[in-house]
């Protein structure tokens, strides 16, 4: 009904500028449920208001986690509202009464999507996943399956499955995080390598990582002072003069 | 001492190795010491408790017991003299004033007197001349009288005045004298100054003349480099270089080179894994840094530069040959589609192949065969060198060559600012620019003078800036940049810190600009060609495979930002994006690191080459959108264009100007981009094969390739690219092994064997960390001090009470005595009075 831009604007301020001043916040229920069903960024934004209704006004929302699960798509790591979404997701998944299959499905999906994420998101989501493991030790089979089958030809996890319980996440392993241990950013590699060892008991604080931006990352790296600078020893022969230079095959200097 | 005054602290157990401080105490002595101290301090304070005035003895060293009284006196005297020294009476106009009598100096009179006396001894003993007595004993009156006698008329008027006059006269005289003296002093000062100046001038002349004996002309401020100097210098370099070359046989050299490269390779691998990052920090990782210390490298690069220097002439003479060679080369390398030969057009054609071989074989050192090859390559290089030397000799005879060389001066100062640097290079050919750069480096080598290092470090920044400017021109001079990279590489090898700092600076600027644009507009655009060239140069100068590198890691992040934040709106953006993709691939080609942005971008590129329809089975992420206006950017529908397309290398200049291109050309560029994209996908697939979730990473691309790409419409050549990419993707085995955590070190069981702790010092608690120990120590010390302070205060109070009591007792005793005295006197009075009374009664 509303234009998208306005819709987003309303949803952004809804939880702290509108809902607290309403006599009956429950009136927003329908609005929020519809918004939540639209998908994409609008769903992410509606989540905040919905959370207040569920938390303070006893709103019963069937299949809430299924819906949340389906919200996870590659764009969550790229959108502006990433910090907001992960803050809420952290809240929703903090309950220790959640079934293991559900948390495992979330973990698996998040890490699968992390394969397309930029480094600033990765630095946030890997500690997030580690926290989930700490809260739900039953999920640790994902990183530690000592008596499993030797060799599998396929990842048992079904990415396309809408229903978390049907996704067979608990039978899978976190190969995605293992892949990320080969990431180009050294901090990501260090973060991902944490899952190789058994985790410590204390949860990581991810609130500082939620708002991390690429520029901050860059700034941090640039400001590091190095004692000495290793140099390339291979002798060059011009701009595209390295051996097996990709550029020489596709570009000319004209 | 008296055994009754000694208190012994008996030890219950004798402990070996324990030193006891307090086994014997002397309570009497210590008590008397304490009392003495208190009387000196506390008692004094007590006695002066209600007195506001304080007597301060400021005499020098009054309370210093270390100085003996005699010395004290001497010092005080010296001090007094010092204070009085230079302090003049303000009424004293003349500092070394002589006492006068009748305007004559008393000292002089005395002298005269002596002489007179001695004379008078012989003539009339005991008698003094009248004048003398008048002067001596006249009390000043004699002189006056004499004057009066000379002018008798106005005796009365003059007499009262004359004394005043005399004094005034005296004052005037002294003032005049003073002025004269001042004038004299000033003139002397002036003279010395003048002398100094003259000397300085002469000195500078001498200094200037000494270095070159023949050049007497004062006007030649900057010595024009004559050939003799150059030759001497060159000879100096050669002499340094030659022995080490001649001493070693070729095999040894080859072996050494191999060892060096192996070590470098091992270093690179170690850095790539990122292990022992902290440990290796101390030792310099790069060998070439050591090489540079002696001021001359026997590396290939120097020789290469030399060849370029000569290459200028070679080019003039042998252009025809060169061209032939190029053609041959191109025939040879046609299948490679490589433009290597063009890049190396300066080099002699005969050596080119060997050079290439040698360079290629540097990093493949596993097999002996290859190392042999390399040795052969080295041999060839040496031949090349000797040949060059010969050619140099020939050239020296050539008059034409001399004329050509005379165009450039031989010595260059390092330019102080970028503007001067630019003006130095402006209008020169590439070869000349290279020669200039090389000469700047040679003439200002760090080993020649102190400040040269800083100067050359600046040069790195200038060169980078210059390259950036060349790249951002309307028609970028990439050929020039291609050549300028070589001196840049050499400079970087000499000054890694300076080079890394300047590149970091450039990157920071670029990233900062982009961040600002994002903040203002919400989206960014791709930067200019110069930034891309800088990124490429980064990969040439620094090892991109390191786990962490001060320059490369920021460059990585910046490139990731480029691929995720920048909008793709034009074909140029696509080319730039693909360029960045190539950069990424090159950066990680050795370390095989995973770059999600790269995969995303390639997926997006494929996506915009498709006709508009709902994407299925895959999701594109930022900056690409599933729906929007910039779709179909790479879509080519024109059948003719499709057919006429030939795979061609993308010229980088299209990045800056594409507007002039015709529709067909545009379409051809699109297809070339697509081909490049396929090739990159293929390379990515080969690179990431070993990643455990390879199939998950590549799944969207595979879906797109197999289900959506209209292969059948593509021209033959593009279809080949497509199939090779797809083949690379599909023939990978799926292989999953469940993850198992690394085994933890088992926690050891608790055991009953005693814990053995090294005892470093007795009487000190060892347990705990260093910090904890320090804290404990501090607490203990505090406790001890507190106890001691309390004890001291208590003793002070006791002492005070004692003194107060004794005071009261004294006062009481005095009173008692006085009362007794009074009573006694009263009693005697009474007694006397009674006695008197009795007497009266008797009487």
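The values are calculated or read from the model by the stated rules, or taken from the named source; none is laboratory data. For clarity, every value in this text was computed on a predicted model and none was experimentally measured. Note: ideal-geometry Cβ built from the backbone for every residue, glycine included; neighbour counts use all protein chains shown.
Counting only residues that are at pLDDT 80 or above and either in a loop (DSSP other than H, G, I, E, B) or in contact with a helix residue (DSSP H, G or I) (Cβ under 6 Å, 6 or more places away or on another chain) (or both), the range A:30-50 holds 12 of them.
Take residue A:49 and tell me if it is surrounded by fewer than 15 Cβ atoms within 10 Å (Cβ to Cβ) and over 20 Å from residue A:175 (Cα atoms). Lay out the reasoning, then the answer.
Values: surrounded by fewer than 15 Cβ atoms within 10 Å (Cβ to Cβ): no; over 20 Å from residue A:175 (Cα atoms): yes.
Criteria not met by residue A:49.
In the range A:242-253, the residues that are over 15 Å from residue B:533 (Cα atoms) reach residues that are at pLDDT below 80 and part of a helix (DSSP H, G or I) with C-beta atoms within less than 6 angstrom, at least six apart or across chains, in these pairs: A:243/B:360. When restricted to residues that are under 19 Å from the mean Cα position of the chain (by Cα), surrounded by fewer than 15 Cβ atoms within 10 Å (Cβ to Cβ) and facing chain B (nearest Cβ under 8 Å), the range A:189-205 contains 0.
Of the listed requirements (1) more than 24 Å from residue B:432 (Cβ to Cβ); (2) in contact (Cβ under 8 Å) with a residue 40 or more places away in the chain; (3) within 11 Å of another protein chain (Cβ to nearest Cβ), residue B:512 misses just one: (2).
Condition test on residue A:186, is it more than 9 Å from chain B (Cβ to nearest Cβ), surrounded by fewer than 24 Cβ atoms within 10 Å (Cβ to Cβ) and modelled with pLDDT of 85 or more?
Details: more than 9 Å from chain B (Cβ to nearest Cβ): no; surrounded by fewer than 24 Cβ atoms within 10 Å (Cβ to Cβ): yes; modelled with pLDDT of 85 or more: yes.
Answer is no for this residue.
Return a yes/no flag: does the range B:47-56 have any residue that is surrounded by 10 or more Cβ atoms within 10 Å (Cβ to Cβ), within 60 Å of the chain's Cα centre (by Cα) and closer than 23 Å to residue B:803 by Cβ. Lay out the reasoning, then the answer.
So the first thing to find is which residues in the range B:47-56 are surrounded by 10 or more Cβ atoms within 10 Å (Cβ to Cβ), and the list is B:47-48.
Those left that are additionally within 60 Å of the chain's Cα centre (by Cα): none.
Checked the range B:47-56: no residue is surrounded by 10 or more Cβ atoms within 10 Å (Cβ to Cβ), within 60 Å of the chain's Cα centre (by Cα) and closer than 23 Å to residue B:803 by Cβ.
Within 30 Å of residue A:179 (Cα to Cα) and either surrounded by 12 or more Cβ atoms within 10 Å (Cβ to Cβ) or more than 44 Å from the chain's Cα centre (by Cα) (or both): which single residue out of B:805, B:749, B:705 fits that description? Being within 30 Å of residue A:179 (Cα to Cα) and either surrounded by 12 or more Cβ atoms within 10 Å (Cβ to Cβ) or more than 44 Å from the chain's Cα centre (by Cα) (or both) holds for just one of B:805, B:749, B:705, which is B:705. For the range B:583-629, the set of residues classified as at positive phi and more than 8 Å from chain A (Cβ to nearest Cβ) consists of B:617, B:628, listed by residue number.
Could you grab me the full set of residues in the range B:652-669 that are more than 20 Å from residue B:530 (Cβ to Cβ), at pLDDT 70 or above and either within 14 Å of another protein chain (Cβ to nearest Cβ) or surrounded by 12 or more Cβ atoms within 10 Å (Cβ to Cβ) (or both)? Give the steps one after another, and end with the answer.
Just the residues of the range B:652-669 that are more than 20 Å from residue B:530 (Cβ to Cβ), to begin with: B:660-669.
Filter once more, so that each one left must be at pLDDT 70 or above: B:662-669.
Listed by number, the residues that qualify are B:664, B:665, B:666, B:667, B:668, B:669.
Within the range A:52-72, track down each residue that is surrounded by 15 or more Cβ atoms within 10 Å (Cβ to Cβ) and more than 23 Å from residue A:164 (Cα to Cα). Residues satisfying the conditions are A:52, A:53.
Tell me which residues, restricted to the range A:160-183, are assigned to a loop (DSSP other than H, G, I, E, B), touching a residue at least 12 places away in the same chain (Cβ under 8 Å), more than 9 Å from chain B (Cβ to nearest Cβ) and closer than 17 Å to residue A:100 by Cβ.
At the first step, the residues of the range A:160-183 found to be assigned to a loop (DSSP other than H, G, I, E, B) are A:160-163, A:167-168, A:172-174, A:181-182.
So of that shortlist, the ones also touching a residue at least 12 places away in the same chain (Cβ under 8 Å) come out as A:162-163, A:167-168, A:172-174, A:181.
Checking which are more than 9 Å from chain B (Cβ to nearest Cβ) leaves us with A:162-163, A:167-168.
Those that are assigned to a loop (DSSP other than H, G, I, E, B), touching a residue at least 12 places away in the same chain (Cβ under 8 Å), more than 9 Å from chain B (Cβ to nearest Cβ) and closer than 17 Å to residue A:100 by Cβ: A:163, A:167, A:168.
The residue of the range B:452-481 that is farthest from residue B:528 (Cα to Cα), among those that are surrounded by fewer than 19 Cβ atoms within 10 Å (Cβ to Cβ) and within 12 Å of chain A (Cβ to nearest Cβ), is B:479. List, please: which pairs have Cβ atoms under 6 Å, are six or more places apart or on different chains, and start with a residue in the range B:245-271 that is at pLDDT below 80 and end with one that is part of a helix (DSSP H, G or I)? Between residues of the range B:245-271 that are at pLDDT below 80 and residues that are part of a helix (DSSP H, G or I), the close pairs are B:250/B:379. Among the conditions (1) closer than 24 Å to residue A:153 by Cα; (2) out of contact with any helix residue (DSSP H, G or I) (no Cβ under 6 Å at 6 or more places or on another chain), the only one that residue B:692 does not satisfy is (2). Taking the range A:211-231 as the range and being within 22 Å of residue B:599 (Cβ to Cβ) and either part of a helix (DSSP H, G or I) or facing chain B (nearest Cβ under 8 Å) (or both) as the test, the residues that pass are A:214, A:217, A:218.
Among the candidates A:208, A:238, which residue alone is at positive phi and either free of Cβ contacts under 8 Å to residues at least 40 places away in the same chain or facing another protein chain (nearest Cβ under 7 Å) (or both)?
On the way: A:208 fails: at positive phi.
Only one candidate passes the filter, namely A:238.
Picking from residues in the range B:679-720 that are in contact with a strand residue (DSSP E or B) (Cβ under 8 Å, 6 or more places away or on another chain) and in a helix (DSSP H, G or I), the one that is nearest to residue B:594 (Cα to Cα) is B:688.
Based on what the data block shows, is residue B:785 part of a helix (DSSP H, G or I) and modelled with pLDDT under 95? When the stated conditions are applied, residue B:785 does not pass them. In summary, residue A:75 fulfils each of the numbered conditions (1) buried (at least 18 other Cβ atoms within 10 Å of the Cβ); (2) touching a residue at least 40 places away in the same chain (Cβ under 8 Å); (3) within 21 Å of residue A:188 (Cα to Cα) with the single exception of condition (2). Candidates are the residues of the range B:520-539 that are more than 9 Å from every other protein chain (Cβ to nearest Cβ), modelled with pLDDT of 85 or more and in a helix (DSSP H, G or I); the one that is farthest from residue B:593 (Cα to Cα) is B:520.
Among the residues of the range A:56-89, how many are within 14 Å of chain B (Cβ to nearest Cβ), assigned to a helix (DSSP H, G or I) and more than 12 Å from residue A:210 (Cα to Cα)? Full working, then the answer.
As a first pass, look at the range A:56-89 and keep what is within 14 Å of chain B (Cβ to nearest Cβ): A:70-82.
From what's left, assigned to a helix (DSSP H, G or I): A:70-71, A:74-77, A:82.
Filter once more, so that each one left must be more than 12 Å from residue A:210 (Cα to Cα): A:70-71, A:74-76.
Selection size over the range A:56-89: 5.
Could you list all residues from the range B:552-582 that are within 32 Å of the chain's Cα centre (by Cα) and more than 7 Å from chain A (Cβ to nearest Cβ)? The answer is B:552, B:555, B:559.
Tell me yes or no: at least one residue of the range B:540-548 is more than 7 Å from chain A (Cβ to nearest Cβ) and farther than 24 Å from residue B:480 by Cα. Taking every residue of the range B:540-548 in turn, at least one turns out to be more than 7 Å from chain A (Cβ to nearest Cβ) and farther than 24 Å from residue B:480 by Cα. Could you tell me how many of the residues in the range A:106-159 are within 9 Å of chain B (Cβ to nearest Cβ), under 18 Å from the mean Cα position of the chain (by Cα) and in a loop (DSSP other than H, G, I, E, B)? Matching residues across the range A:106-159 total 4.
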